[in-house]
Structure formats: C-alpha cells, structure tokens
Amino acid sequence: MIVMKVKSILLVLLLVSFFVYVSVEAREQKVAISGSSTVMPLAEISAEEFNMLQDNYHVTVTAGGSGVGIVNVVEGRSAIAMTSRELHLVERQRYETPTEKFNVITVGYDAICLMVSPEVYDFGVTDLSAEEVRRIYSGSISNWKELGGPDEEIFAIGRRPGSGTRDSFDEIIMGSREYETPGVSYEAAESSEVKTAIRGSDNAIGYVGYSYIMRGDSKVISLDGIPPTIENIKNGTYPLARELYFITLGRPSPGAKAFTDYVLSPEGQKIAIENGFIPA
C-alpha cells in the first residue's frame, strides 16, 4: 500500500510539472532570430539572459548568413534578421512597399579581421596592405615569399555567397560585392570555420569577425599598418570596420522590440563588452 501511495504521489507530481511546463510554454511567445554568424554570438548570449529574466517571450537564434536572415524576415520565418552589412538596394526594391519599410537598428560595431597561420605570422608577415590582400584574393599573389613570408603556396580562405562578412570584404578590399575571387582556395560557411581552418594550416589566410579573435589565440595582422583595436574600429581608422544590425520588416513585433531594447540596454551592452563585442 505504501509503495502504491508513493507511486501515486510521484505520478501526481509529474503531471503537475508537465502541466506547469505546458502552461509556461503556451504563455511564452516565440521570437525567432536568424542571419549573420558574426552577430549570432552576441544574439545567443543576450537571448540566454533575456529568456531567464522574463517569461513573456522565448528567443531562439540560428545562423545562415545575413542574406538568409533578411529572406526569413520577409517570409515570416524570423522576427529579426541579424546582419553584418547594410541592406542592398535590390533588397529594398524587392521587398519594401509604400506602407512597409525595413527597420534597421545598429546593435554594435565590428571589424573584419585578417588572420594568418602561426607559421606565416612567426616568419614575419604581421602586416599587409589592402592592395596586397586584394592581390592574394584575386590570385595574382600566390606564394608567401612574395610578401616576405615562407616559400609556401598561399591557402586563401573566403566565405560563401550570402555572407555579410564576404559582402563587406569584397566591397572594401576587392572594390565590389560582385567581384569574383579566383585566389580563394576554400569557402567557409562561418567565421568559426575560418578560424579553425587557419589554425590547422601552416600557409593560410582568412577573415573573421572581431569577436572571434578576442581570446588571444589567433594570429591577427594589421591592415595598412593599422591594427583592429576597439579605438580604431569605433573611430573608423581601421579600414574594415563596420556596424552590426538587427533588421525587421515593418514595425517590430512586441517580442522583437522587447529583445532589441534589452540588447541596447546597459545590461545588454555590458554583455556585449564582456563577450568581445563593441557596444553601439
């Protein structure tokens, strides 16, 4: 009899827990965010804190690239697009209407940082000019010895189409977002993949978002003699500085607005700083 009573009590507790969980899940409104892998770490960390602080909304974050995030917002799959670039003119022309415009909010600053393999850095390649980087990615410089490095073929890593980081890099370094980069040996999906590939190679170069170099385990080089420091990024001295955005189409939903307000609040900006992002 005692065993049966214990089992009955446990069953009741399990049912109560289940219904409480269902009740909370039903009460929370889902807020899906997608887009730039550069912005994603900031959004993920902020979402974890935001989800614990309140139970009106539950934020989920996925990557895919800036372009994917924008399409997801337009098609209603996401409430917010994370982008590491400005909207393209063609995106405004295609998706905006007289009554529904994109709402663009700066949530932080970033820089595209150039990394090289430790062997290349230790050999003495610690600074490249924008012209030298352009020639690497265009394929006209293919060996590190042409830049004062080891006699090794250059393994240049780029990003896949749809990446806001790629768009910004191509526009600033190559001169156009549409520029082909025949010098690229491999196209990575995300900044983390670029970083892993460079650290596992002895002859590589690639570019990543600023937050991916903050732990001090990367060989980051200067561009035109200017290192990607916070001061150089915020004042625009570093050539590959940029803003990071949250984008909605039309007025943001209550959940999207609440989360954006949190990211821009003193608490949210503190999270950004602590995790290697430069606050807005």
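The values are calculated or read from the model by the stated rules, or taken from the named source; none is laboratory data. Here the structure is a predicted model, which means the values were calculated and not measured. Glycine gets a Cβ as well: all are built from the backbone with ideal geometry, and neighbour counts include every protein chain shown.
Quick look at the values:
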item	result
3 or more residues in contact with a Lys or Arg (Cβ under 8 Å, 6 or more places away or on another chain) and either in the same structural domain as P254 (by TED's automatic domain parsing) or under 30 Å from R199 (Cα atoms) (or both): qualifying helices (runs of 4 or more DSSP H) within the range 65-157	118-123
Considering residues of the range 184-229 that are assigned to a loop (DSSP other than H, G, I, E, B) and acidic (D, E) only, the residue surrounded by the most Cβ atoms within 10 Å (Cβ to Cβ)	E190
Residue count for the range 69-89, restricted to those that are modelled with pLDDT of 95 or more and either exposed (fewer than 13 other Cβ atoms within 10 Å of the Cβ) or out of contact with any strand residue (DSSP E or B) (no Cβ under 9 Å at 6 or more places or on another chain) (or both)	2
Breaking point among (1) of a type in the set (S, T, N, Q); (2) modelled with pLDDT of 95 or more; (3) buried (at least 19 other Cβ atoms within 10 Å of the Cβ), for S66	(2)
Residue in the range 163-183 that is modelled with pLDDT of 90 or more, among the β-branched types (V, I, T), in the same structural domain as V125 (by TED's automatic domain parsing) and assigned to a strand (DSSP E or B) present	no
Residues being more than 11 Å from the chain's Cα centre (by Cα) and small (G, A, S) - total across the range 35-68	3
Residue tally, condition among the β-branched types (V, I, T) and more than 20 Å from R242 (Cβ to Cβ), over the range 74-128	7
Which listed residue, of P239, P254, is over 30 Å from A130 (Cβ atoms) and not polar (S, T, N, Q)	P254
From V220, V208, V194, residue being within 27 Å of G139 (Cα to Cα), in contact with a Lys or Arg (Cβ under 6 Å, 6 or more places away or on another chain) and outside the structural domain of N72 (by TED's automatic domain parsing)	V208
Top-ranked residue of the range 230-266 - restricted to ones that are in a helix (DSSP H, G or I) and over 27 Å from E96 (Cα atoms), ranked as modelled with the lowest pLDDT	K234
